[in-house]
2 protein chains.
Amino acid sequence: MTAPRRRDAVATRDAILRAGVEGFTRHGYDGIGVREIAQTAGVTAMLVNRYFGSKEGLFAEVVEASMADRTVLTDDPATLARDLAAALVRRTAPHADDLDPFLLMLRSAPNPRAAEILRAGIEKHVEAHVLDVAPESRGTERAAMALSVVAGFWLMRKVIGSTSLNGADEAALVRTLEQLFTLLLHP
Amino acid sequence: MTAPRRRDAVATRDAILRAGVEGFTRHGYDGIGVREIAQTAGVTAMLVNRYFGSKEGLFAEVVEASMADRTVLTDDPATLARDLAAALVRRTAPHADDLDPFLLMLRSAPNPRAAEILRAGIEKHVEAHVLDVAPESRGTERAAMALSVVAGFWLMRKVIGSTSLNGADEAALVRTLEQLFTLLLHP
DNA sequence: CCCTCATGTATACACTCGTAGACATAACTT
DNA sequence: AAGTTATGTCTACGAGTGTATACATGAGGG
């Protein structure tokens with residue numbers, strides 16, 4: 001029985017947003033309800049709608065917040081392929097339990113409304129950033145292809161749970177992924 | 001007003017199964033209900049449970065049936081990379097509307113029960129087949145990696161709807177994908 | 001022809017969903 | 001200290017979920 005938190009609009013709003021990031025990332029847009037998100041934040045379901053308009057409105061802000069901070073991409077073009085490969089393998093390890101935007105995307109994409117929000121967020125944040133770091137010819141397509149590889153690997157390893165990928169030697173996975181990213185980002 | 005179809009257990013069961021393939025592939029496991037599937041098949045929701053035990057039971061048979069017939073993979077090792085790349089780009093074209101097992105996987109994976117069924121189906125059918133066609137060292141891992149690339153590309157192009165990938169030159173996409181698959185399957 | 005069983009339907013239950021409207025209370029202003 | 005407004009909760013509604021039980025009906029065998 002914790003003391004009833006002082007009334008603070010911005011703090012409450014932030015708590016709901018963080019609970020939304022966690023809930024949507026772990027269970028996907030259709031896999032969690034506003035009541036459960038609100039309970040994690042310690043408030044009532046209706047406050048979600050008051051601060052974010054609707055479940056969809058909260059999801060849009062969650063996508064925005066989740067894609068804003070970088071988790072996988074580095075800024076150094078020279079070591080981009082290797083760093084990306086290493087970070088990808090590390091963050092998709094069987095016991096890793098991070099709240100990555102890719103998990104948010106993979107688990108929420110089946111809902112058409114969520115997919116549209118995700119598409120906008122990806123093109124605004126992620127593709128643009130890859131393009132900054134590796135501005136080659138046909139850069140946008142290659143950035144999108146690199147994202148495809150990242151998303152596919154993430155899906156198979158963490159959402160599907162492929163035993164082949166989870167039982168593989170991690171150093172070998174990093175080497176293979178580095179080859180793929182080098183091909184895509186430094187043609 | 002069609003004539004009320006003659007009573008035929010196997011035909012009805014097959015109709016439900018085909019409606020299940022269509023429904024689960026288009027909307028994902030959580031995105032469609034048994035009533036809608038039953039209506040597509042022209043029967044009542046309860047018949048789904050009578051013939052398949054439950055929604056989850058129907059999904060398991062849908063996965064089995066959908067992964068049984070090959071849509072993307074060819075059998076000739078020599079042209080595997082190119083054929084795979086070409087088929088992938090063709091079947092993920094913006095106006096293509098096929099019922100591919102990859103769409104079934106991408107849209108149903110967020111549900112944990114569905115993910116487990118999918119994982120088993122993938123390892124039974126798809127990975128094994130890739131391994132047959134391209135038996136290299138570390139074959140299982142490389143087959144799984146190739147599947148990751150296919151799944152990621154499918155996700156970005158058809159589920160997310162990346163404008164970069166959908167606006168790109170298709171021949172260029174095929175060339176890039178062929179390079180990736182060659183790297184993975186003919187190291 | 002009629003009886004029987006397989007095939008299909010109708011109803012209902014217990015639950016969850018997103019969200020709307022009315023109400024309560026804490027905190028700041030005057 | 002009193003009033004006002006922002007902040008949060010309670011109740012409820014209409015719709016949809018998967019599925020269990022009871023009932024209806026058509027088709028084949030005696």
Provide the per-residue ³J(HN,Hα) series for the stretch B:143-159, in order, calculated from phi with Karplus coefficients 6.51, -1.76, 1.60 and θ = phi - 60°, each as a whole number of Hz, with x at glycine and proline positions. 4, 5, 5, 4, 4, 4, 4, 4, 5, x, 4, 4, 4, 5, 7, 10, 8
Along each principal axis of its Cα atoms, how long is the stretch B:100-139 end to end? Whole angstroms, biggest number first, please. 33, 18, 13
Considering only protein heavy atoms and a 1.4 Å probe, what is the carbon-and-sulfur percentage of the accessible area of the protein assembly as shown? 51
With every protein chain kept in place and ligands, DNA and RNA left out, what is the accessible area per residue of the protein assembly as shown? Probe 1.4 Å, answer in Å². 46
Ordered by number, the residues of the stretch A:100-117 that have at least 50 Å² less accessible area in the complete protein assembly than on their own chain alone (1.4 Å probe) are A:P110
So if I take the centroid of the Cα atoms in the stretch B:133-187 and the same for the stretch B:53-81, what is the distance between those two points in Å? 18
Show me, for the stretch A:28-41, the HN-Hα J-couplings you get by feeding each phi into the Karplus relation (A = 6.51, B = -1.76, C = 1.60, θ = phi - 60°), rounded to Hz, glycine and proline as x. x, 4, 7, x, 9, x, 5, 5, 5, 4, 4, 5, 4, 7
Is the shape of the stretch A:9-66 best called rounded, prolate or oblate, per the rule: a/c under 1.5 gives rounded, else a/b larger than b/c gives prolate, else oblate, with a ≥ b ≥ c the square roots of the Cα gyration tensor eigenvalues? rounded
Do you know the relative contact order of the stretch A:70-185, to the nearest whole percent, from alpha carbon pairs under 8 angstrom that are 6+ apart? 40
Helix-only estimate, please: 222 nm mean residue ellipticity of chain B, summing -39500 (n - 2.57) across DSSP H runs of length 4 or more and dividing by its residues, to the nearest 500. -20000 deg cm²/dmol
Principal axis box of the stretch A:1-40, alpha-carbon based, largest edge first, Å: 31, 22, 12
Can you give the accessible area buried between chains A and B, summed over both chains, with a 1.4 Å probe, in Å² to the nearest 100? 3500
Taking only Cα atoms, what is the 0 to 90° angle, nearest 10, from helix A:112-121's long axis to the longest principal axis of chain A? 60
Whole-Å semi-axes of the ellipsoid equivalent to the protein assembly as shown (Cα gyration tensor, √5λ, descending): 32, 32, 18
In chain B, which longest range has no trypsin sites (Lys or Arg not before Pro) that are both DSSP loop (not H, G, I, E or B) and surrounded by at most 10 other Cβ atoms within 10 Å? B:8-187
Dipole of the protein assembly as shown, positive direction: furthest Cα of A:T163, B:A38, A:H129, with charges on the beta-carbon: B:A38
What Kirkwood radius, in Å to one decimal, follows from the Cα pairs of the stretch B:36-175? 16.5
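The values are calculated or read from the model by the stated rules, or taken from the named source; none is laboratory data. Worth saying up front: this structure is predicted, and the values here are computed from it rather than measured. As a convention, Cβ positions derive from the backbone with ideal geometry for all residues, glycine included, and neighbour counts pool all protein chains shown. Quick note on the areas: whole protein, heavy atoms, side chains included, nothing else; ligands and nucleic acids left out. Shrake-Rupley method; radii C 1.70, N 1.55, O 1.52, S 1.80 Å.
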